[in-house]
Amino acid sequence: MDKIVCACGNVNPAGTELCESCGRPLNEETKDKTIVDMRYEGSARRSQTYNKTIIDKVWNFFSSVKVGMWIIVAILIAAAIGTILPQVFYVPATNETDIAAYYERIYGWFGTLYYKLGLSDLYSSWWFQALVGMLGISLIIASLDRVIPLYKSLKKQKTKRHFSFLKRQRVFGIGKADVTEDSLLKAEEKLKELNYNVKREGNAILAERGRFSRWGPYVNHLGLIIFLFGVMLRALPGFYVDETMWLREGETLYVPETDGYFLESKEFIYETYSREESKEVYGEAIDRVGTIAKNYQTDVALYKGPEDSVAGHTEDLTFEKEASIQVNKPIKFDNFSVFQMDFRLDELATMTFQLQDKETQQSFGEFTIDLADPQPVYELDQGYKVEIMDYYADFTGFEEGVPQSQSPLPNNPAFLVKMYSPEFPKGETSFVMIKETVEPLGENQHKIAFQSVETRDVSGLTVRKDLTLPLLALGGLIFMIGVAQGSYWNHRRIWIQLLEDGQTVVAAHTNKNWLSVKRDLDRVYEVAHLPEYLDQQDLDSLEEKVDKEEGV
């Protein structure tokens, strides 16, 4: 596009509203304005100048503040939808089938729809990450579209400006005041005393203060961009881990998402306040609450497996260290932290049964089922055996004749078994629960008799790794610097010029807090003879000026 040549000879980019050198209006729309728009110093913004190529259209789309606001609204709505039902992180299941069944069982058809639409893992979904990325792109483009021309305009601004520029400032005054060289010197000294950066060119003075505050919003944008970049990095493998593992006493398990690390639970310790201690701290509330935990911790041993080790293999482990995991006192290794978050006391560990003759109560052997890892077949004496056909860890009843399990936790174990004996080589089918036995295919000769149970405590641990925290902290710090920069300072400019016809012009502009620049002007008036100014946006000041000119 053609560049714009001002009457002063300065060549301005296409789309410029005010000459970058002298400040003359360069189009009819700007000439018709009483007060010129100084947000971007009348500079040319790319989004308002070019609109031909695909790149131009994409740039213009993302540079729009309205588009950025709609993206933020879309992210807020999506985030709100993600809070309607629990995310998969909080679901007590480990595989896709169990997770889908959980949403259907607990929340019905809505839970199934919620899961199938991917809303159960919303914050890690590609489309939510795409929205966050679009917001980052919008911030980058919108900032570049404004900050670059603004920087160029402020850097190129001249001390002496054209009268048409000065008279379109909000604070403006003109008159044949008795302004001498001595008055200009006093005004210059007073402005320096007020911490203004003063430049002088002949009979023109430009006093400027707080220009750095103009970059506050763009520092905000930079902080947000860094913060959003850190948020998006969480979706990439290796940058962010937030997993849950349940570790039983005496059990050695692979630590999720780690490079071959294993944890063995040596002991779980649970301590409560005595009634006297609880009464002293909590008063009468203890009667409603009951016992209160004083400490719960898991004493663990950390092991490192071979490089090719997988989750279920605990061979060839190398001891690393021992530690006691408590709330807010995690065990740390290789950028990972494992926290104590929850516990379950006296979880069923094993159940011991006898295979008996129903009439004579004769025993044909005992077998013990490990509820965390039940075996498919248990061989007994004299050709007797028991086959575990199906296992329902948290049995909740029958639905249309089909047994249901609420969770993989052994809260109410039930088993569908087949009992093989020399008399019944094809087996007898029985459904065994803790206090009841169902014979679905008719009466059996043999039965499974419950003998004993063993329990153990279970630690709920959270495995966390977050390499994005430094980026998030840096983004937040930069954002707060930008907030302070733009909130507590303002960019003030004062122009004083002696015109060739003997008149003196005073003009001032600030990006906010107009009272401050007016107060500074009043202090300059106390030492220098300058014409009175008015606020052209203040109707009372305008009416007063008109009355004076008409002699009222």
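General observations
- Gain upon complete extension [Ala449, Asp259; 0.36 nm per residue less C-alpha separation]: 64.0 nm
- Cα centroid separation - the stretch 51-82 against the stretch 436-473, whole Å: 47
- When the chain is described by a simple charge dipole with +1 on each Lys and Arg Cβ and -1 on each Asp and Glu Cβ, the residue from Pro306, Ser487, Ala349 located farthest towards its positive end is Ser487.
- The phi-based Karplus calculation (6.51 cos²θ - 1.76 cosθ + 1.60; θ = phi - 60°) puts the 3J(HN,Hα) values of the stretch 22-30 at 9, x, 4, x, 10, 9, 5, 4, 5 Hz, whole numbers, x for Gly and Pro.
- Highest mean packing first, where packing is the average number of other Cβ atoms within 10 Å per residue, the peptides 517-530, 26-39, 107-120 line up as 517-530, 107-120, 26-39.
- The calculated FRET efficiency for the pair Ile434 and Ile84, based on their C-beta separation and a Förster distance of 45 Å, comes to about 0.80.
- Relative to the Cα centre, the charge distribution of the stretch 199-261, modelled as +1 at Lys and Arg Cβ and -1 at Asp and Glu Cβ, gives a dipole magnitude of about 960 debye.
- Prolate/oblate/rounded call for the chain, Cα gyration tensor, a/c under 1.5 rounded: prolate
- Under 5 Å between amide hydrogens, built in the peptide plane, is the criterion, and for Ile325 it picks out Thr298, Asp299, Val300 among residues at least 5 positions away or on other chains.
- With R₀ fixed at 45 Å, the C-beta to C-beta distance from Val483 to Asp299 puts the FRET efficiency at about 0.45.
- Estimated FRET transfer efficiency (Leu185, Val65; beta-carbon r; R0 45 Å; 0.05): 0.50
- Per residue accessible area of the chain, 1.4 Å probe, in Å²: 55
- Among the protein heavy atoms, those of Arg234 account for about 80 Å² of accessible surface (1.4 Å probe, every chain in place).
- The largest accessible area among Trp70, Trp215, Trp495 belongs to the first residue in Trp70, Trp215, Trp495, and the rest follow in falling order (1.4 Å probe, all chains).
- For a straight C-alpha distance cut-off of 13 angstrom, the aspartates and glutamates reachable from Lys176 (same-chain residues fewer than eight places away being disregarded) are Glu500, Asp501, Glu532.
- Between Asp390 and Gln361, the simple label model (points 7 Å from Cα in the Cβ direction) yields a spacing of 3.3 nm.
- Positive-end residue of Phe395, Ile54, Cys8, charge dipole of the chain with Cβ unit charges: Cys8
- Label point distance in nm, Asp346-Asp2, each placed 7 Å from Cα along Cα→Cβ: 9.2
- Fraction of accessible area attributable to carbon and sulfur, the chain (%, probe 1.4 Å): 54
- Placing a label point 7 Å from the Cα of Lys329 along the Cα-to-Cβ direction, no residue of the stretch 432-470 has a backbone N closer than 11 Å.
- Scanning the chain for long hydrophobic helices, with DSSP H runs required to stretch 20 angstrom or more by C-alpha along their axis and to average at least -1.0 on the Kyte-Doolittle scale, returns 65-81, 126-156, 216-233, 469-487.
- Too-long pairs where the Cα-Cα distance tops 31 Å, listed order kept, from Lys116/Lys426; Lys33/Lys158; Lys152/Lys190; Lys294/Lys435: Lys116/Lys426; Lys294/Lys435
- Cα centroid separation, the stretch 372-396 to the stretch 323-344 (Å): 35
- Ordering Thr360, Ile325, Tyr378 by the projection of their Cα atoms onto the charge dipole of the stretch 317-379, which places +1 on the Cβ of Lys and Arg and -1 on the Cβ of Asp and Glu, puts Ile325 at the extreme positive end.
- Each helix, a run of at least 4 DSSP H residues, gives -39500 (n - 2.57); summed and divided by the residues of the chain, these come to -10000 deg cm²/dmol at 222 nm.
- For Trp489, residues with placed amide H under 5 Å, excluding near neighbours: none
- Label-to-label distance for Asp37 and Thr252 is 7.1 nm, based on points extended 7 Å past Cα in the beta-carbon direction.
The values are calculated or read from the model by the stated rules, or taken from the named source; none is laboratory data. The model shown is predicted, which means the values in this text are computed figures rather than measured ones. No Cβ is skipped: glycine too gets one built from the backbone with ideal geometry, and neighbour counts run over all protein chains shown. To get the accessible areas, we keep the full protein, side chains included, count just its heavy atoms, and leave off ligands, DNA and RNA. Shrake-Rupley method; radii C 1.70, N 1.55, O 1.52, S 1.80 Å.
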